[in-house]
1. State whether the residues of region 114-131 include one that is hydroxyl-bearing (Ser, Thr, Tyr) and in a strand (DSSP E or B).
2. For residue 106, only one of the following conditions fails: (1) of a type outside the set (S, T, N, Q); (2) outside the structural domain of residue 222 (by TED's automatic domain parsing); (3) modelled with pLDDT of 95 or more. What is its number?
3. Write out, first by first residue and then by second, each pair whose Cβ atoms fall under 7 Å of each other, whose residues are 6+ apart or on separate chains, and whose first residue, in region 167-184, is within 10 Å of residue 216 (Cα to Cα) while the second is among the polar types (S, T, N, Q).
4. Report, by residue number, each residue of region 129-151 that is small (Gly, Ala, Ser) and either surrounded by 18 or more Cβ atoms within 10 Å (Cβ to Cβ) or within 20 Å of residue 203 (Cβ to Cβ) (or both).
5. Please identify the pairs in which a residue from region 11-33 that is within 18 Å of residue 53 (Cβ to Cβ) and in a loop (DSSP other than H, G, I, E, B) has its Cβ atom under 6 Å from the Cβ atom of a residue that is modelled with pLDDT under 95 and of a type in the set (A, V, I, L, M), counting only partners at least 6 apart or on another chain.
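The values are calculated or read from the model by the stated rules, or taken from the named source; none is laboratory data. Remember, it's a predicted structure, so these values are computed and weren't measured experimentally. Quick reminder, even Gly has a Cβ in these numbers, built from the backbone with ideal geometry, and neighbours come from all protein chains shown.
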Amino acid sequence: MALDRLAAVGDPQLRAALLYARAQREPFTADDAAASLGVHITVARRRLDRLAEAGFLAVAQERRGGRRGPGAGRPAKVYRVAAELQGVEFPDRRYGALVGLLLEKIPERGRQRALREAGEAFGRRLAATARLQPLPSARAGLEQVCEALGALGFQVSVHSLEAEKVVLATPTCPVRPLVVEQPAAGEIDRGMWAGLVESSVRGINVDDVASDVSRCHCADASCRIVVSFNVGSRTSFPGARAGRRRARGGGSPPA
């Protein structure tokens, strides 16, 4: 009988393994998990396999270290966090339906701005919970966001960073289940990332944070968040030209 998601997160040992998994930005093995969790590799593998059975992890065979061809050895069984489109709760409180009703009550004129501001406030609240501090380096600040959200149970990684635009990838965006059920709430998602980035990178303006959520509905894909910046003089960006104050990003992120 397949282990359901609720039973998996209700087990303290499986929950600890899941939190470990979501704090990892790259695929990992049972050896990696065993070392971190302080258990035997057989125990770690059993827990990871149960999480995969419940749909929290995806499993693949990969050769680690980049070796190919004869002598490269057998592929290792690796785990990665699976895309999460539905939240886990008991009983089902149907918050998505409630949000949908609230959206209908907001006047159409000014609705998107109101949702954006609510998302920005939520992002700042997440940042405060994680005790984020604005850093002068964009790379350091964004890595800080990834680590902080990982500690809260959401996996995020820096997909690319160039000039004054970054692409973040997350299979477990904090509001992804809401956006999947209520696409009209997408501006909340964009605002949340704006608030998080503004709280972690010095000199960033929330008005210049753009988010592409077109892949949020794909069960096998991570969300891609495209962030463009209003650059402060004390913010360090790889490849940014000296004296350049502003860059505008947009469009679809890299696949």
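1. Initial filter on region 114-131 (hydroxyl-bearing (Ser, Thr, Tyr)): 129.
From what's left, in a strand (DSSP E or B): none.
No; the residues of region 114-131 include none that is hydroxyl-bearing (Ser, Thr, Tyr) and in a strand (DSSP E or B).
2. (3)
3. The qualifying pairs are 170/155; 170/222; 171/155; 171/222; 172/155; 177/86.
4. Step one: filter region 129-151 for residues small (Gly, Ala, Ser), giving 130, 137-138, 140-141, 148, 150-151.
Within region 129-151, 130, 137, 138, 140, 141, 148, 150 qualify.
5. Within 6 Å, the pairs are 29/76.
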